[in-house]
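Each remark here refers to the structure printed beneath this line.
The values are calculated or read from the model by the stated rules, or taken from the named source; none is laboratory data. Just so we're clear, the structure is a prediction, and the values are computed from it rather than from any experiment. We place every Cβ from the backbone using ideal geometry, glycine too, and count neighbours over all the protein chains shown. Note: areas computed on protein heavy atoms with side chains; ligands, DNA, RNA excluded. Shrake-Rupley method; radii C 1.70, N 1.55, O 1.52, S 1.80 Å.
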Amino acid sequence: MAMNRLTEEEYQHFQDEGYVLVRGLLDQDQDIKPVLHEYGDVLDRLAHELYDAGEIKSVYDDLGFGDRMIACYRDSGRVLSSHFDCSLPQASTKEDSPVWVGPEVFGALRNETLLDVVEDLIGPEVFSNPVQHIRIKPPQDVLPDSRVDPKTGTKGGFDAGVTPWHQDNGVVLPEADETNMLTVWWPLTPATLQNGCLKIIPRSHKKGILHHCRTVSGLAVPDPMLDLDRAFPVPMNPGDVLFLHRRTCHSSLPNVSDEVRISFDIRYNPTGQATGRSVFPGFVARSRLNPDSELRDPEAWAQSWYDARVRLAVENITHYNRWLENDGVCA
Ligand SMILES: O=C(O)CCC(=O)C(=O)O
Ligand SMILES: [Fe+2]
């Protein structure tokens, strides 16, 4: 097989172990800085809004991105992630629910270097799956106490705190169970043991779909179903990229540092296969058969999310996964 970026060994490692970590794939100046700059502008506008609303004591424009974000969390006592995320909420969406779908985020989804590896792993017809997030994970001590998970004592929530063990296949609807969905996780700032890097369980992708339970921190596979002896943390630097099979179990550590951890997790699947979240919009990111079908217009992409937001504000869909509220297995 002809490869764009991966070696045969890396490709085989992904198949056998359920992940491949490519160090130094992305370039700080070309691929990362412009995105961080865009989020800096989002934070600047948010800080002014919060200040005008009397929720924070200063606009903190003398602080760098991370410290400014932390000051906004601390003063406001709110979780601010939805203002940055490139996805909509899974309930109570309103016509003006915050979402950030700026041109640099679109550029990140269309990053050619990433797509070359994605093509190696899932083939040349690449659809950008709408299950996508930027996670700006603050130190857990600035998260509200309402985020404490009584079972673990840590502050959880997919959007800002500890992420419990899960498979991404478990988080989408069953229509995508046979979709070759690939998760691409990459940090924009160092992801360390202290600030809440990812943990993975190699080879867990070979065991089918595991049962997930609804917890206050999000969907979680119960510990007894996991090979926790094999689990290991994956500290990463900006530029490193982790590619995960849709059934590879992963979680993240609490952020016990004094800095924010910023990462993208984005997904791709072969065009035409179910995304598992069809109420959100995806797009053709690469097509060797029909290059004209690629979406290259950042404004059209943003508009597709705004249109979805209007639809969801009316329809209020709440069925985003298969797991039940009062599930006997989870009691
Ligand atoms: O970044 C995290 O803390 C969790 C990420 C995750 O679950 C994912 O990328 O699918
Ligand atoms: Fe995940």
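Some notes on this structure:
- Using every pair of separate Cα atoms, the Kirkwood estimate puts the hydrodynamic radius of the range 29-83 at 11.5 angstrom.
- Portion, in percent, of the accessible area of the chain that falls on carbon or sulfur, probe 1.4 Å: 50 percent
- Loop GluC sites (Glu not before Pro), the range 109-206 (other Cβ atoms within 10 Å of the site Cβ: 11 or fewer; DSSP): GLU178
- At full extension, ASP52 and ARG74 could sit 6.3 nm farther apart than now, given 0.36 nm per residue minus the alpha carbon distance.
- Cα Rg over Rh - the range 209-331, Kirkwood: 1.00
- The GluC sites (Glu not before Pro) found in the range 260-326 that occupy coil by DSSP, while having at most 11 further C-beta atoms within 10 Å, are GLU325.
- Rounded to the nearest 20 debye, dipole of the range 1-152 from Cβ charges on Lys, Arg, Asp, Glu: 620 debye
- Spin-label model, VAL256/LEU173: points 7 Å from Cα along the beta carbon direction are separated by 4.1 nm.
- Surface accessible to a 1.4 Å probe, THR154 within the full protein complex, Å²: 30 Å²
- Solvent-accessible area per residue, Å², over the chain with all protein chains present [probe radius 1.4 Å]: 44 Å²
- On full extension, the segment bounded by GLU325 and GLN303 gains 4.6 nm, given 0.36 nm per residue less the C-alpha separation.
- Unpartnered cysteines - no second Cys beta carbon under 4.7 Å - across the chain: CYS72, CYS86, CYS197, CYS249
- The distance from the alpha carbon centre of the range 278-331 to that of the range 201-256 is 23 Å, rounded to a whole number.
- A DSSP coil position with no more than 14 other Cβ atoms inside 10 Å describes the following trypsin sites (Lys or Arg not before Pro) in the range 1-100: ARG23, LYS57, LYS94.
- Modelled label positions at VAL314 and ASP29, each set 7 Å beyond Cα in the direction of Cβ, lie 4.9 nm from each other.
- Under Karplus coefficients 6.51, -1.76 and 1.60, residue-wise ³J(HN,Hα) of the range 34-47 in Hz, glycine/proline x: x, 5, 4, 5, 4, 5, x, 5, 4, 5, 4, 5, 5, 4
- For the pair VAL42 and LYS151, the difference between a 0.36 nm per residue extended length and the Cα-Cα distance amounts to 35.8 nm.
- Rg(Cα)/(2.2 N^0.38 Å) for the chain, N = residue count: 0.96
- Cα-projected label distance for ASP223 with LEU63, points at 7 Å along beta-carbon direction, nm: 3.5 nm
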